[in-house]
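Notes for the one structure printed next.
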């Protein structure tokens, strides 16, 4: 189904491969690349370099099912955006107090990350621009849907989702919400994102800051 039948070595290699699929967005002043922290930032860094586009982050947090935090029942994002998988919530009979508790905890973490990652850099300009949203993969797609909602609320002209790996169903669902979805690998069965990387070690806060600082410094160099 795809020429990418093997695992990605790591997130940056995946970003390099995605960059080749996004060439038409290169050298365009209206394009901005937004990585979803933490794992999406190393992927987005390579894409931004390849396209000679500015790099920033779109802060979102998965809402994990109580007792099963890796299973997403939804996601939150800056600006008070919250996406819930109501079918899953109903199926697992998750109470509103439990949802509120998880939401509160993740909102605090989202605010912490904003302080840690951004330093004195201004928020990215979104209105009227082509925004490429990048993560290291999709499972349910709820986190990316929250990111899409944020970017739409800020009136982006065009939204592109770029991920190395995702289930076909998640990609098809997102295609209804954005202008383009670029995904290198859509394995079936999918199982989990980490299975499709040789190195899927956790990206640290320090690494996220380093990627953002490096790309920010490069963007301020004289052309």
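The values are calculated or read from the model by the stated rules, or taken from the named source; none is laboratory data. Just so we're clear, the structure is a prediction, and the values are computed from it rather than from any experiment. Here Cβ is always computed from backbone atoms with ideal geometry, including for glycine, and neighbour counts include all displayed protein chains.
Every condition in (1) closer than 23 Å to residue 209 by Cα; (2) touching a helix residue (DSSP H, G or I) at 6+ places or on another chain (Cβ under 6 Å); (3) at pLDDT 95 or above is met by residue 34 except one, and the failing one is (2).
Here 50, 98, 44 are screened, and the one residue that is surrounded by 16 or more Cβ atoms within 10 Å (Cβ to Cβ), outside any strand (DSSP E or B) and under 16 Å from the mean Cα position of the chain (by Cα) is 44. When the residues of segment 179-192 are filtered to those that are under 16 Å from residue 40 (Cα atoms) and surrounded by fewer than 19 Cβ atoms within 10 Å (Cβ to Cβ), the one that is modelled with the highest pLDDT is 182.
Given the criteria at pLDDT below 90, within 24 Å of residue 210 (Cα to Cα) and either touching a helix residue (DSSP H, G or I) at 6+ places or on another chain (Cβ under 9 Å) or surrounded by fewer than 17 Cβ atoms within 10 Å (Cβ to Cβ) (or both), does residue 114 qualify? For residue 114, the condition - at pLDDT below 90, within 24 Å of residue 210 (Cα to Cα) and either touching a helix residue (DSSP H, G or I) at 6+ places or on another chain (Cβ under 9 Å) or surrounded by fewer than 17 Cβ atoms within 10 Å (Cβ to Cβ) (or both) - is met. Taken over segment 180-198, the criterion of being part of a loop (DSSP other than H, G, I, E, B) and touching a helix residue (DSSP H, G or I) at 6+ places or on another chain (Cβ under 8 Å) is satisfied by 186, 187, 188.
Do we find a residue being part of a loop (DSSP other than H, G, I, E, B) and over 15 Å from residue 144 (Cα atoms) anywhere in segment 29-41?
Yes: segment 29-41 contains one or more residues that are part of a loop (DSSP other than H, G, I, E, B) and over 15 Å from residue 144 (Cα atoms).
Please work out if residue 111 is under 28 Å from residue 206 (Cβ atoms) and either in contact with a strand residue (DSSP E or B) (Cβ under 6 Å, 6 or more places away or on another chain) or free of Cβ contacts under 8 Å to residues at least 24 places away in the same chain (or both). Yes: the conditions hold for residue 111.
Could you pull out the residue among 162, 156 that is in a loop (DSSP other than H, G, I, E, B), at pLDDT 95 or above and under 24 Å from residue 82 (Cα atoms)?
156
Any residue in segment 166-178 that is closer than 19 Å to residue 213 by Cα, surrounded by 18 or more Cβ atoms within 10 Å (Cβ to Cβ), touching a residue at least 24 places away in the same chain (Cβ under 8 Å) and touching a strand residue (DSSP E or B) at 6+ places or on another chain (Cβ under 8 Å)? No: segment 166-178 contains no residue that is closer than 19 Å to residue 213 by Cα, surrounded by 18 or more Cβ atoms within 10 Å (Cβ to Cβ), touching a residue at least 24 places away in the same chain (Cβ under 8 Å) and touching a strand residue (DSSP E or B) at 6+ places or on another chain (Cβ under 8 Å).
Remark: pairs (first residue in segment 78-103, modelled with pLDDT under 95; second residue part of a loop (DSSP other than H, G, I, E, B); Cβ separation under 7 Å; 6+ apart in sequence or on different chains) = 78/59; 85/140.
Just one of (1) surrounded by 11 or more Cβ atoms within 10 Å (Cβ to Cβ); (2) part of a loop (DSSP other than H, G, I, E, B) fails for residue 120. It is (1). Reported count of residues in segment 69-82, each being closer than 22 Å to residue 56 by Cα and within 17 Å of the chain's Cα centre (by Cα), is 7. For segment 125-138, filtering for residues that are more than 22 Å from residue 46 (Cα to Cα) and either touching a strand residue (DSSP E or B) at 6+ places or on another chain (Cβ under 9 Å) or crowded, with 24+ Cβ neighbours inside 10 Å (or both) leaves 0.
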